[in-house]
Structure formats: C-alpha cells, structure tokens
Amino acid sequence: MLSACGGGNSQEGSPTLFESDVFAKPSGPLCSVRRTDPILRLEYCVEPTASSASPRQLLQALTNPNHPYIEFTGSGIRLKAELNSFLYEGLQQKHILLHADRVHDGEKFYDYRSSISDDHTRAYAASPTGMMMLNRDSDPQIFQVAQHTSVSPPVPGGWFDQSLWISLVGMRTDWLTAPTERTVRFHGHAVVSAGDGHHLPETLPSGDSTSLTRGQCPIEMELDTKSGHLKLINSPVTCVDAETGAQMTLAISDLGLRSEGSVVRVGVSDSAVMASLMSAPHEVMVAETIHDISGGVYGERAQVVAVRGISSKAHVVLVARRMDGANP
C-alpha cells in the first residue's frame, strides 16, 4: 500500500513521503536517533537509511574515532573451512556496531588494528583467534563485513580450520529516496560457488587444493516498485566462466524474490532460486534449490540490489546496479 504527503523531493524543499512496504521507513538524519546498550554501556546511532546521509558522509563517520558507534543488521552466510574443504552452514543474522576504533559483532569487541587501504578496507582483531574485515564494495552504497574465527592452527600447504561469516550492509532505500518509476532495471553479475565438504580436484596457483569452485555470469534484474517483486530477466541464465571454465546456470521465478522494507526475501517459498554448476573438465555437478535468501535494496533511487543465498552445497551472490546510471 502506498500513500503520499508533503511536496518536493529529497534534494529540494520538503521531501515527498511515499509510505510503502516495499522500501524502508526513514530512520532520520545520521545519528539523530541514538540508543544506549545497557549491557555494553555504550551509545550508538540507529541504523541509517538512504536519506540519512550520503555514502561519503557515512564513510567519514565510520573512520572518525570521535563519532559514535553506528548500528547495522547483517544477515550473512556461515561457512566452515576445514582441511581443504568447505561446509556451508546457512544464514545467520548479526547485530553489528561499527566504529572507527572498534566493532562489536553481538558477542564481543574487535579492535581496529591496521591502516585504511586505498579501497577503504579495515581490519579488526579480537585476538589471534578472531578477526573482522570491513571493506567498501566497488559500489559506494554497500560494505562487506567478513568475520574469521580460527578453530585450529594453520596447516602448511593447506587450509586451516576456521569459521567464516560474510554479509553485505549499507543504507537501504527508504520512502524518501524511493524511485518514482514503476519498474527499475539493474545490470550486474551472479556468482555460484560450490563445495559440499568433499575434496574437489581443483588446484590454486599457490599449489593448495580447495573444494571451492565457482562460476560467474552477467545478469539483468527488474524491481517492481509497487509489488516489490524482483525478477531475473531471461531466466534461466547460463554461461561458461572464462576464468574457471565452469558452466553455471541460475534460475529465479518471477515471484521468487521480493523486497519488503528494502530487505530482499524469498517471495514464494516453493519457488526460490535454482543454481547449478559444472566444473570442467572434472564434471563436478552441483544442482541446488536455495531457500535461505537474504539481501537488500540500497542507495537513493534504488542504486544497488545485492542478494546472497545458501544451501548445504552451494552459495549464490547477486549484485546489480541501475542500468540507467541514475545518481542521487
């Protein structure tokens, strides 16, 4: 349901407010609303949405040690890396508090430990047994948060046991920054990674072996801004990855994904995402129906759509940007 009030836009005069269950409710200017965690005894800013600040302002806040913590909710994939193999363990939601000096993952603090690289990557470490990485995606609207927890010491010439959690966070498109078009087209890529805990015959340039194999295809997607349905154009999409030689196929039904509050979820439970991967020349085939889906619509006028999905044997990532190149 949509309703409107006010006049103008988010750039001039009073913004037009379109209430919609498709996009997020505005959270107000960055840090205008704060809360206090009674256990941690610290103040933090509520999670910002796209009208709260520009991507540059958010980055400045995240790198300013005098700025309060900023809240983000990340629903990420969990993986377990054992000796030369990967196990997929599903989705896990974390309540993250980001700061220039420290980050809290809902359980413990990680202290900032490295200089900021050119791509704005930051490393936080809790101890030798744990680390979190925050890096800016190639699009300024989203950040990737990755947590690595060692389970055992490194093994020479192979992977060491560790638990991984990977998520994308950003300022979700809200009522004040929602696109006015009925449909928005996106162009980007989809990646399917496979690994079921068994050793697969793939060798890295370093000589190490891993069970992780992958394929990547270009994709186009379309968001219906009234219904929230997010569909894959020309589904199913099939291509051969030029780098890995893997043949990848990805299929999403027209009702398979939906945006609610700018959070992407499965639209119809029995018609989610179908992904398959054949790794040439070894013909390792993975064919999975993926129901564990998490993602979001980010930025002013829905600049970026990012979706992750995971099953027991496969992991899917979709990242797509507005085809018209519209900028706020």
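For the reader, a short list of remarks on this structure follows.
- The set of residues from the range 287-328 being among the small types (Gly, Ala, Ser), open to solvent by 10 Å² or more (accessible area, probe 1.4 Å) and under 13 Å from the mean Cα position of the chain (by Cα) comprises Ser294, Gly295.
- Selection count where residues are among the charged types (D, E, K, R) and surrounded by 18 or more Cβ atoms within 10 Å (Cβ to Cβ), scope the range 235-255: 1
- Considering residues of the range 175-192 that are outside any strand (DSSP E or B) and not β-branched (Val, Ile, Thr) only, the residue most open to solvent (accessible area, probe 1.4 Å): Arg182
- Condition check for Ser312: polar (S, T, N, Q) and either in a strand (DSSP E or B) or closer than 19 Å to Gln144 by Cβ (or both): no
- Residues located in the range 212-253, provided they are of a type in the set (Lys, Arg) and under 24 Å from Gly267 (Cβ atoms): Lys226, Lys231
Table: residues versus (1) open to solvent by less than 10 Å² (accessible area, probe 1.4 Å); (2) over 30 Å from Asp292 (Cα atoms); (3) acidic (Asp, Glu).
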residue: Cys45; (1), (2), (3): yes, no, no
residue: Ser51; (1), (2), (3): no, no, no
residue: Leu58; (1), (2), (3): yes, no, no
residue: Thr63; (1), (2), (3): no, yes, no
residue: Gly74; (1), (2), (3): yes, no, no
residue: Ile77; (1), (2), (3): yes, no, no
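- Residues that are of a type in the set (A, V, I, L, M) and under 19 Å from the mean Cα position of the chain (by Cα) within the range 48-63 comprise Ala50, Leu58, Leu59, Leu62, listed in sequence order.
- Candidate set from the range 153-174 (those that are touching a strand residue (DSSP E or B) at 6+ places or on another chain (Cβ under 8 Å) and either of a type in the set (Lys, Arg) or surrounded by fewer than 15 Cβ atoms within 10 Å (Cβ to Cβ) (or both)); member that is modelled with the highest pLDDT: Arg172
- Selection from the range 23-46 of residues that are closer than 23 Å to Val184 by Cβ and either of a type in the set (Asp, Glu) or in contact with a Leu (Cβ under 8 Å, 6 or more places away or on another chain) (or both): Pro26
- The single condition among (1) modelled with pLDDT of 90 or more; (2) under 20 Å from the mean Cα position of the chain (by Cα) that Cys45 does not meet is (2).
- Conditions (1) modelled with pLDDT of 90 or more; (2) touching a Lys or Arg at 6+ places or on another chain (Cβ under 9 Å); (3) open to solvent by 20 Å² or more (accessible area, probe 1.4 Å); number of the one not met by Gln141: (1)
The values are calculated or read from the model by the stated rules, or taken from the named source; none is laboratory data. From a predicted model like this one, the values you see are computed outputs, not experimental measurements. Cβ coordinates were reconstructed from backbone atoms using ideal geometry, including for glycine residues, and neighbour counts include every protein chain displayed. Surface areas here come from the heavy atoms of the whole protein model, side chains and all, with no ligands, DNA or RNA. Shrake-Rupley method; radii C 1.70, N 1.55, O 1.52, S 1.80 Å.
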